[in-house]
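The values are calculated or read from the model by the stated rules, or taken from the named source; none is laboratory data. Quick caveat: nothing in here was measured; it's all calculated off a predicted structure. When we count neighbours, we look across all protein chains shown, and the Cβ atoms used for this are built from the backbone with ideal geometry, even at glycine. We work out accessible area using only protein heavy atoms, side chains counted, and drop any ligands, DNA or RNA first. Shrake-Rupley method; radii C 1.70, N 1.55, O 1.52, S 1.80 Å.
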Amino acid sequence: MPPQRTATKRTTKRAVATRVFPHLAIECVAPQLDCGRFAVKRVLGDSFEVSADILKDGHDQLAARVRWRAPGDADWRTAAMVYENDTDRWSGGFPLDRIGAWRYTVDAWTDHFGTWRGELRKKLEAGQDVSLEVLEGAIMAERASRHATADARKALRQWVATLRDITVDASQRATAALDLALLALMEEHLLPDDLTSYDRELVVWVDREPARFAAWYEMFPRSQSTVPGVHGTFADAERALPRIARLGFDVVYLPPIHPVGHTNKKGPNNSLEARPEDPGSPWAIGNEFGGHTAVDPRLGTIEDFDRFVQAAHRLNMEIALDYALQCSPDHPWLKEHPEWFFIRPDGSIKYAENPPKKYQDIYPMNFWCEDREGLWNACRDILLFWIDHGVRTFRVDNPHTKPFAFWEWVIGEVHERHPDVIFLSEAFTRPKRMKHLAKLGFSESYTYFTWRNTPGELREYLTELTHSPMAEYFRGNLFTNTPDILHEYLQRGGMPAFRVRLLLAATLSPLYGIYSGFELGENVPVREGSEEYLHSEKYEVRVRDWSAPESLDPDIERINTIRREHRALQLSTNLSFHLSENDQILFYVKSAPDFGGRDDLLIAVNLDPAHAQETMVHVPLDRLDLPADAPYVVHDLLTGARYTWRGSRNYVRLDPGVQVAHVLHVER
């Protein structure tokens, strides 16, 4: 045999001799995301359940626990896991009572005492001799006593004496050994000899409740003046807050409030020819008055902004700011740090493009420039500045155009200091890219909802959002419209179409939003086939009459009240679609436990804004614990009407000129 082969054999033997082989297999631990690479998401107050497959050869009984560490804790805590025979899985959980990153894993071991106890019981029932088994139990009790506290040690040693007392018949000692008091002592103090841990620690990120349940309202402060053509101020915007609060919104989102650049300023309808009085696009950030940590002087001062934020807080609303990492040609960074931008061969700086769209008034940043660290720190400090001014929510503009590594880093940097901050991803891009951004740490995300209008599209997309693996990390915020998106459905459907989309957004998801003007039915595009608004507020100051008789304010106020009163509308994964015999009426159910009872909502929406539609909807009686033949009452939360239904198949008629939907609460 060649010498090198002999050496190889000896090396292999030594490796085998020192290798540690696990006694148990712990597999399929859930929840986890990409093998633990990213955190799953929950909100404060949730009960977090962990499950796993735990296997061992032979017939020994097993025991398992979930082990976790809360944010800021040095020590681990544990809770027993329970075996579920029907699913052949172990599960256990713990309450999430702190915001931030929680770490968790699974431990398992052979339950020697439980195995011994089970075998002892069987032998006793079979009338077999158990004298040796009783002595085996004494040995385990003695071992447990070595790790027990004083009182427990004394109790265990008494049990040892009892089990070893040969003056008593073995069967009597065995019967005594089945006492639950001994079982409790052994479960607490008998240390496992083959403790096996899952091969990694996993993370669940816990957000504030508004990361899962909130109604958003987007408004431009500069349009809150009551005088046409006059640029609004923070004081004007503050006067607008009581109406928004009365409508039931939780978050007021502001597009950029920073100084607007002069160079290549955009005029009305994205025109390249702007007049001096035109305000320009607020996304063209920066001029001689400052950049991302300054406010447009036409809006007021930073002190005015602080008062505006405080006024929102007094009304139980919070302010979300736009975080747009781009600069106008007049931004101070162009002079201070030209290396942070893309320099073209002729020495000019590259402006932003999304062909065929051109944004000559905006320069993108080069996140992989030579001074990457300086640029990234400056971008982080923008967030920290506004956090110091009372902002805890940011809507992030086009995050898919910046490096993934940057987002994971900057969100982590902010959360290390301020774990309560919420980030909304505005990424209308390819599905996998949107999903990856959510994995990197964005609390919630814009969705394709505005482009999902048919029954099939809505069922397929909302099922994906709520019942696929996405539900562990992707929270969809269903905006009905945005300054960039006026869908054809709204352009052609009139006010009934606006009511339909409002009802869908507010009841399909606990997160939804509208852009200012939606309540007035603004639906005129800049041209046929475009989703851009005519006289877009992105380029003009818009003064609106909020007292218009056709306003949707009453509808919005009612649906937001219903959302706050019903737990079923505050969760996402409790959505299920059910049969409607007319596909133009979408029928779905949302259910949740509520104050010791249950909250069941049956929701039917007519998707045809032009015609009355009727159908038979099929109620899932078993799921709702409703009788098959007895009548039950459903209460329409929109109108106050009550209907008596019976069985699964029930009649619905919806005329969009009168009522586009039923939100029916099952009365118990």
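Looking at Leu465, Leu503, Leu478, just one residue is within 18 Å of Val663 (Cβ to Cβ) and either touching a residue at least 60 places away in the same chain (Cβ under 8 Å) or of a type in the set (D, E, K, R) (or both), and that residue is Leu503.
Among residues of the stretch 106-124 that are under 15 Å from Ala80 (Cβ atoms), those with a Cβ under 9 angstrom from a residue that is open to solvent by 50 Å² or more (accessible area, probe 1.4 Å) and among the hydroxyl-bearing types (Ser, Thr, Tyr), sequence gap 6+ or separate chain, pair up as Val106/Ser197; Asp107/Thr78; Asp107/Ser197; Ala108/Ser197. None of Ser576, Ser530 is farther than 24 Å from Pro593 by Cβ, hydroxyl-bearing (Ser, Thr, Tyr) and surrounded by fewer than 20 Cβ atoms within 10 Å (Cβ to Cβ) except Ser530. Listed by position, the strands (runs of 3 or more DSSP E) inside the stretch 1-55 whose residues that are modelled with pLDDT of 50 or more and among the hydroxyl-bearing types (Ser, Thr, Tyr) number at least 1 are 47-55. Collect the residues in the stretch 614-628 that are touching a Phe, Trp or Tyr at 6+ places or on another chain (Cβ under 7 Å) and surrounded by fewer than 14 Cβ atoms within 10 Å (Cβ to Cβ), keeping them in residue-number order. The answer is none; no residue qualifies.
Contact map, the stretch 272-286: first residue at positive phi and among the small types (Gly, Ala, Ser), second residue in a loop (DSSP other than H, G, I, E, B) and open to solvent by 10 Å² or more (accessible area, probe 1.4 Å), Cβ cut-off under 6 Å, separation 6 or more or different chains; pairs are Gly280/Lys265; Gly286/Asp330. The set of residues from the stretch 275-296 being open to solvent by 30 Å² or more (accessible area, probe 1.4 Å) and within 20 Å of Pro483 (Cβ to Cβ) is empty. Each residue in the stretch 55-71 was checked for being surrounded by 18 or more Cβ atoms within 10 Å (Cβ to Cβ) and among the basic types (Lys, Arg), and 2 pass.
From the list Leu375, Leu321, exactly one residue is out of contact with any Gly (no Cβ under 8 Å at 6 or more places or on another chain), surrounded by 13 or more Cβ atoms within 10 Å (Cβ to Cβ), farther than 18 Å from Asp388 by Cα and among the hydrophobic types (A, V, I, L, M, F, W, C). Which is it? Residue meeting the stated conditions: Leu375. Thr78 - would you say it is of a type in the set (Ser, Thr, Tyr) and open to solvent by 10 Å² or more (accessible area, probe 1.4 Å)? Yes; evaluated as a whole, the condition is true for this residue. Considering (1) open to solvent by less than 10 Å² (accessible area, probe 1.4 Å); (2) touching a Ser or Thr at 6+ places or on another chain (Cβ under 8 Å); (3) not aliphatic (A, V, I, L, M), the lone condition that Arg475 does not fulfil carries the number (1).
Here Glu413, Glu426, Glu408 are screened, and the one residue that is among the acidic types (Asp, Glu) and open to solvent by 50 Å² or more (accessible area, probe 1.4 Å) is Glu408. Whether any residue in the stretch 542-549 is surrounded by 14 or more Cβ atoms within 10 Å (Cβ to Cβ), of a type in the set (S, T, N, Q) and either touching a residue at least 12 places away in the same chain (Cβ under 8 Å) or not in a helix (DSSP H, G or I) (or both) is what I want to check. No - not one qualifying residue is present in the stretch 542-549. Filtered by the rule that a residue be of a type in the set (D, E, K, R), over 34 Å from the mean Cα position of the chain (by Cα) and closer than 19 Å to Lys265 by Cβ, the stretch 305-362 gives Asp330, Lys335, Lys350, Asp361. Taking every residue in the stretch 516-537 that is farther than 21 Å from Phe428 by Cβ and pairing it with any residue that is at pLDDT below 95 and not charged (D, E, K, R), at least 6 positions away or on another chain, the pairs with Cβ-Cβ distances below 6 Å are Leu520/Ala548.
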